[in-house]
Amino acid sequence: MRQGAHWYTFVAVLQSWTLYQPRRRKRQLILILGFCCGLSACAYRPMPEILAHRQSDWGWLPPPIEEPLVEPEKESAPVASPPIASLETHRFRIAKDEGVLGSLGVIELQRGDVLPDIARHFGLGYDEIAAANPELDPWLPDSNSRALIPAQFVLPRAPRRGLVINLAAMRLFYFPAKGNGTEVVTYPIGIGREGRATPTGAMRIVRKARNPTWYPTKNIRNEHLRRGDPLPAAVPPGPDNPLGKYALYLSRQMYLVHGTNKPYSVGLRASNGCIRLYPEDVSKLYPQIPLNEPVYIVNQPYLIGQRGGVVYLQSYRVPEELNEKSLTKTLRADLKKWEQDQSQPLDWDKIERILKESRGIPLPISAGTSPVDVVIATAQPIVRPAKWFGQPEPAPKGAGSWYVFATETASETTALRLAAMLNHQGPPIPARTVQKGERYQVIAGPFADAKAAKAAVRRLKADLELEGRILPPEAIRQQSHPPKSAANP
C-alpha cells in the first residue's frame, strides 16, 4: 500500500476520535496533527527509506550515493623500448637553457665480458661504469646479467666555451666556438692520483704536439726507481711513452691533456696530475683545439641541470680533497632556492637516495617524476656488438715460448680476475689462468724472448706489486702436468 493511503486512514481515525474529547484535548490533538502534516510535506518518501534514515549513522541527511566499486589500476611493470644498435655518447646538441645530455642504455652480458671493455666501447671511463653497476664485479661480471650504460651527463657550472673539465666526474666537455654553446663534445678522462691531484682553475692551451717526448720530473724518476722501474731522462715516442700520440700543453706548467699507452686507466685517479684520454678520443679532439683555447678545470661532484622542464641531479662520490659535509649543505640550500624561485616542488626523499648512492647517474628530482628504480628499469636496450672496441686480442699462436709466472691462489675467481686485469694493462700483458691440483696459477705470455719476459716481470712489479718469475721454454716442457687453461678471460 502506498504511504499516502496510510496517512489518510490515520487522519480519519484521529478526527473521529476527537469528536468525543473535551475542547482542550481537541486543540492539543490539532497541534499534533499540524506538526505531523509539516513533516509529511518535507519528507514524503516510502516508509522503508525513512526507517533506513533513522537507523543510519547519517541522521536525517540522505545516505551517501553508493557508486559501483572500481578496482584501482595496478601500476604496470615498466616496458623498455626495442633494442637499438648503439647510443650517442660523444657529440650532442643542447639548448642554452638546458644542461642534461644523452640517455641511459642497458646491455646483456656474456661469458668473458668485462666492464672496462664495455665502458671504452660506449665512451665511458672505468669509474663511471663501475659506480653505475655496483652489483657487478667489473672484471668478472656474472654471465647473462645486464650492465647499465650511463651515457647521460649534467653539464658542470662553468662557461660554455673551450674545454671544461670536471675532475669529480672524470669527464671533459668541449664547446666548439661555432656551436655558440649549443654544441658539446664529451669524453671520459683519467686524472691525478691522490697526493698528485690535478689542479683546478682557468687556463689555456699554449702548445700542441704530435708524437710527443715525455720528460719525467726528478721526483717521478725517483719514484719509478724505488719501484724497480727506472726511467730515462727523456722517453721518446712509442709504446712505452705514457703521453700517447697527442698532447695539449696547458698554461699551468707541467700539466697536459694527452693520450695514453694505458687506456684502461681512463676513469681512474692514476696519473701524476695530467689529464688522460683514450687514444681514439684524443685523436679526434686534438685537431679541433686551436692554440689559446680556454680551459676551465672544476671539481664538482654534485650537478644540477634541467631538461624539458624537469630538474635532474647527478651525484658522484666526493673526492677526498673536498669537504663532503659542506658541499651537501650547499647543495640542499641551492635546491631549496630553486624550489622557491621556480615554484616547482622537488622530491626530497629521492634527492637523499641519490646523494647516498652516488652512482653518477642523472635522475629526475622534480615532484611527481618516476621513481629511481623505474627510471633505471626503462633504460634503452642496446644490441650487443659482435666485438667490443679495443678489446685485447689473445696472444697469437707461435708468438713465442717464454712465459712469466705471476701468482698462485686457491681461489679460481681471484685468478680469473687477475688474468683479466693483466690482459688490460697498457701495453697488454697476455695472461691466462691454469689449474694445478686444487690451486690456480696466473701465467703471462707467451713472449718472443727473454728480454720481453723480463720487461713483463718489471711491469708486474711496478704496476701491481707482483713478484713474477720467468718460465723459460725448458721449464714449461719439463712440467709433469702442462698448463691447462681454466678459462679464457
| task | Find the Cα radius of gyration of segment 246-394, compare it with 2.2 N^0.38 Å by division, and give the number to two decimals. | result | 1.32
| note | Expected sort for 228-236, 149-157, 287-295 on mean C-beta neighbours within 10 Å, highest first, is 149-157, 287-295, 228-236
| task | Pull up the cross-link candidates among the lysines for Lys387, meaning alpha carbon to alpha carbon under 26 Å and not fewer than 8 places away within one chain. | result | Lys245, Lys262, Lys284, Lys397, Lys484
| request: Find how much the distance from Glu108 to Leu322 grows on full extension, using 0.36 nm per residue of separation minus their present alpha carbon separation; answer in nm with one decimal. | output: 73.4 nm
| task | Run the accessible area of segment 334-389 with a 1.4 Å probe and give the carbon-and-sulfur part as a rounded percent. | result | 52 percent
| request: Evaluate the distance, in nm, between pseudo-label points positioned 7 Å from the Cα of Val298 and of Ser143 along their respective Cα→Cβ axes. | output: 4.6 nm
| task | Might you report the magnitude of the Cβ-based charge dipole of segment 224-376 about its Cα centre, with Lys and Arg at +1 and Asp and Glu at -1, to the nearest 20 debye? | result | 280 debye
| What does the accessible area per residue of segment 355-449 come to in Å², with a 1.4 Å probe and no ligands, DNA or RNA counted? | 45 Å²
| task | Report, by chain and number, residues whose modeled amide H sits under 5 Å from the one on Thr407, excluding near sequence neighbours (fewer than 5 apart, same chain). | result | Val442
| field | Signed unit charges on C-beta, dipole axis of segment 239-390, positive-most listed residue Leu363, Tyr246, Ile304 | value | Tyr246
| Protection proxy ranking, peptides 259-268, 419-428, 244-253, average beta carbon neighbours within 10 Å, highest first | 259-268, 419-428, 244-253
| task | Set the Förster distance to 60 Å, then compute FRET efficiency between Lys329 and Thr413 from the Cβ-Cβ distance, nearest 0.05. | result | 0.90
| note | Yeah, segment 203-261 with a ≥ b ≥ c from its alpha-carbon gyration tensor (a/c under 1.5 is rounded, else prolate when a/b outruns b/c, oblate otherwise) is oblate
| Average accessible surface area per residue within segment 193-260, 1.4 Å rolling probe, Å² | 59 Å²
| request: Subtract the Cα-Cα distance of Asn222 and Asp373 from 0.36 nm times their separation in residues, and report this length gain in nm to one decimal. | output: 49.4 nm
| Carbon-plus-sulfur fraction of the accessible area of segment 146-197, 1.4 Å probe, in percent? | 46 percent
| task | Determine the gain in length on full extension of the stretch Lys461-Ser251; use 0.36 nm per residue of separation and subtract their C-alpha separation, reporting nm with one decimal. | result | 72.1 nm
| If you average over every viewing direction, what projected area does the convex hull of the Cα atoms of segment 142-218 give, in nm²? | 9.2 nm²
| What accessible area per residue comes out for segment 304-349, rounded to a whole number of Å², with a 1.4 Å probe? | 63 Å²
| request: Quick one: which residues, 5 or more positions from Leu231 or on another chain, have an amide H under 5 Å from its amide H? H modelled 1.01 Å from N in the peptide plane, none for Pro or chain starts. | output: Leu225
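The values are calculated or read from the model by the stated rules, or taken from the named source; none is laboratory data. These numbers were taken from a predicted model, which means no experiment stands behind them. Here the Cβ is made from the backbone with ideal geometry for all residues, glycine too, and neighbour counts use every protein chain on show. Only protein heavy atoms, including side chains, enter the accessible area calculation; ligands, DNA and RNA are left aside. Shrake-Rupley method; radii C 1.70, N 1.55, O 1.52, S 1.80 Å.
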